[in-house]
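Single-structure report; data block below.
The values are calculated or read from the model by the stated rules, or taken from the named source; none is laboratory data. Computed from a prediction, not measured in an experiment: that's the story for all the values here. Reconstructed Cβ throughout: ideal geometry from the backbone, glycine too, with neighbour counts over all protein chains shown. Ligands, DNA and RNA are stripped out before the accessible areas are found, and what is left, the full protein with its side chains, is counted by its heavy atoms. Shrake-Rupley method; radii C 1.70, N 1.55, O 1.52, S 1.80 Å.
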Amino acid sequence: MNQDIFKVVKEHLNACPDVIYKSFIIHERSCALIYIQSIVDNDTLQKYISSPLLLEGSSDRNWEQFCKRLDQGLTFSVPYQSTSDAKEASDLVVQGKAVLYIEGISAFYYFDTTQYQKRSISESQNELVVTGPQEAFIEDIQSNLSLIRHKIKHPDLKMKEYMIGDYTKTSVYVIYIDGLQKPEILHQIEEQLQNISVDGIFGISYLVEHFKEKSSPFPIFQDTERPDAVAASLLEGRIGVLMDGTPTAIIAPVTFFSLLQSAEDYYQNYYAASWIRLVRIFFTIVSVLLPSMYVAVTTFHPQVIPTSMLITIAAARENIPFSALTEAIIMELTFEALREAGTRIPKPVGQTVSIIGAIVIGQAAVLAGIVSAPMVIVVSITGIASYIIPHLELGLILRLLRFPLLILGGTMGLLGVFVGTFVIYGHLVSLKSFGTPYMQPVAPLVLSDWKDTFLRVPTPLMKNRSTAFSKIRNRRSSSKP
């Protein structure tokens with residue numbers, strides 16, 4: 001029977017040439033250490049597993065003494081567990097564990113020797129700060145968890161592991177601070193993770209799409225590659241989710257205003273941080289509404305423009321063969337193409353191509369009489385404003401919403417822009433992220449939470465946690481990093 005389960009393991013691992021079966025003879029019994037050399041820690045394997053087995057084979061102890069020491073955990077100096085399931089043993093091997101087969105024992109013993117190749121911890125590429133920590137998550141989950149542990153040294157920091165993917169067996173960790181989070185949110189996240197049935201996941205975005213929330217283009221999670229941002233969110237009562245193989249964590253719940261906050265806000269003087277935050281909010285609105293407002297005013301409401309400016313705009317558009325709406329759509333699509341090209345082109349030339357391309361194409365289009373100079377200015381300001389939004393996915397959605405607003409402004413004037421804006425705002429007000437109102441503390445109005453919304457008050461004054469994320473208040477300071 002014992003040899004049968006060993007054969008089952010070999011059948012499961014058939015056509016896997018990188019699987020190694022290292023044979024031993026212990027007290028006249030055949031043994032085999034099964035592992036994949038490229039994903040195990042070979043030093044641990046040789047020093048703490050292979051060497052004790054060789055010594056045991058040459059010792060004066062008998063078979064019964066060996067079995068007794070094995071059951072008592074005295075044979076090896078590293079922790080090990082056992083399983084009698086051949087399928088599970090096969091899965092453990094491909095996960096990087098070393099599995100020990102011993103003739104005459106109906107169980108496999110396995111050791112945690114997993115060691116994948118990984119890059120060193122480096123600075124964040126997408127969430128740069130001038131001051132503050134420069135470290136960012138990497139693809140190794142254990143390194144990422146250690147970065148969180150380094151920030152929060154408290155036993156209330158809890159972590160729960162889930163295995164997602166029938167084939168990939170990807171580790172997903174839910175992390176929170178016990179007593180600060182809302183239990184119903186934690187229960188909802190854990191329940192939905194347990195119900196995910198998929199062949200495999202390779203990125204945190206795969207995971208997000210399996211959470212059943214109200215259908216909306218707006219993100220219900222905040223993603224970040226900064227450990228300090230995750231640690232600060234946990235102290236607010238929020239919940240983090242980390243996935244092996246992904247240098248990004250997601251945080252829930254979120255609000256629209258939390259997505260407009262940057263880690264830089266909490267490493268600067270609060271006067272400067274408050275000013276930058278107001279600028280960010282203003283230009284977020286500009287990035288959505290400016291093109292549609294310009295098209296609506298120049299097409300349907302020229303009377304609201306000062307006469308001198310109206311004459312300048314009319315002179316610039318005198319020989320343009322397209323309507324203002326068509327002109328705006330052409331320029332917006334061109335700008336989107338340049339932005340995407342700058343992202344996909346190799347980094348040493350990507351930024352140069354996007355900047356020079358925008359200048360050359362804009363100037364050439366004006367000289368050729370395809371678009372007007374004022375339209376180039378409007379689209380350029382809009383494009384620059386969209387880069388101010390810290391959260392990438394929110395920025396993408398707001399860029400997308402510019403086009404329906406542009407069409408409404410070009411066909412219905414300011415009325416169409418206002419209607420479109422109210423529809424978007426109505427959707428935001430009705431949207432919730434795991435039970436948390438998306439527009440809090442504006443709708444519903446919670447004045448006590450305004451201390452960290454439009455402005456950032458001094459850290460000593462932020463003694464209460466936001467009601468959007470935590471039920472517990474006045475426990476400890478909830479200041480950000």
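Below, the figures for the structure above:
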item	result
Given charges at Cβ of Lys, Arg, Asp, Glu: the chain dipole, positive-most of PHE221, HIS27, ILE121	PHE221
Spin-label pair SER50/SER143, simplified geometry with 7 Å Cα→Cβ offset, distance in nm	2.6 nm
Solvent-accessible area of SER58 with every protein chain in place, 1.4 Å probe, in Å² to the nearest 10	90 Å²
Net lengthening on full extension, ALA368/THR459 (0.36 nm per residue, minus Cα-Cα)	27.3 nm
Length-normalised contact order for region 210-343 - Cα pairs under 8 Å, 6+ apart - percent	15 percent
Added length on full extension, which subtracts the Cα-Cα distance from 0.36 nm per residue, ASN62 to GLU184	38.3 nm
Peptides ranked, highest mean first, by Cβ atoms within 10 Å: ranges 288-297, 310-319	288-297, 310-319
Point-charge dipole on Cβ atoms (K/R +1, D/E -1) for the chain, about Cα centre, debye to 20	1460 debye
Lys, Arg +1 and Asp, Glu -1 on Cβ, resulting dipole of region 176-246 about Cα centre, debye, nearest 20	200 debye
Probe 1.4 Å, accessible area per residue of the chain, Å²	50 Å²
Accessible surface of region 295-442, 1.4 Å probe, proportion on carbon and sulfur as whole %	74 percent
√(5λ) per eigenvalue of the Cα gyration tensor, region 81-196, largest first, Å	33, 21, 14
Percent accessible area from carbon and sulfur atoms, region 215-267, protein chains only, probe 1.4 Å	51 percent
Cβ-based charge dipole, region 1-96, positive-most Cα from VAL8, GLY73, GLN95	GLY73
Table column - 3J(HN,Hα) (Hz), region 38-47, Karplus curve with 6.51, -1.76, 1.60, x for Gly and Pro	6, 10, 10, 7, 5, 5, 4, 4, 6, 6
Kirkwood-based Rg to Rh ratio, the chain, C-alpha trace	1.11
Length added when fully stretched, LEU333-GLN117, from 0.36 nm per residue minus Cα-Cα	73.7 nm
Rounded FRET efficiency, nearest 0.05, which uses the C-beta distance separating ASP4 from GLN194 and R0 of 30 Å	0.35
Sequence ranges 423-435, 96-108, ranked by mean other-Cβ count within 10 angstrom, highest first	96-108, 423-435
Cβ-based charge dipole, region 201-327, positive-most Cα from PHE282, THR246, MET293	MET293
Heavy-atom SASA rank of PHE66, PHE418, PHE283 (probe 1.4 Å, accessible area, largest first)	PHE418, PHE283, PHE66
Shape box of region 15-115 [Cα atoms, principal axes, largest first, Å]	36, 27, 22
Dipole in debye (nearest 20) - region 1-110, about Cα centre, beta carbon charges: Lys, Arg +1; Asp, Glu -1	100 debye
Alpha carbon centroid spacing (whole Å) that separates region 137-162 from region 75-97	24 Å
Solvent-accessible area, 1.4 Å probe, carbon plus sulfur percent, for region 49-124	46 percent
³J(HN,Hα), Karplus 6.51/-1.76/1.60, whole Hz, each residue of region 257-272, x for Gly, Pro	6, 5, 6, 8, 8, 10, 4, 4, 4, 9, 10, 10, 4, 5, 5, 5
Rounded accessible area of HIS12 (nearest 10 Å², 1.4 Å probe)	90 Å²
Cα centroid separation, region 1-36 to region 365-423 (Å)	64 Å
Pairwise FRET efficiency - LEU128 versus LEU74, Cβ, R0 = 51 Å, nearest 0.05	0.45
Peptides 26-33, 379-386 ordered by average Cβ neighbours within 10 Å, highest first	379-386, 26-33
Region 162-256 - Kirkwood radius from inverse mean 1/r over Cα pairs (Å)	13.6 Å
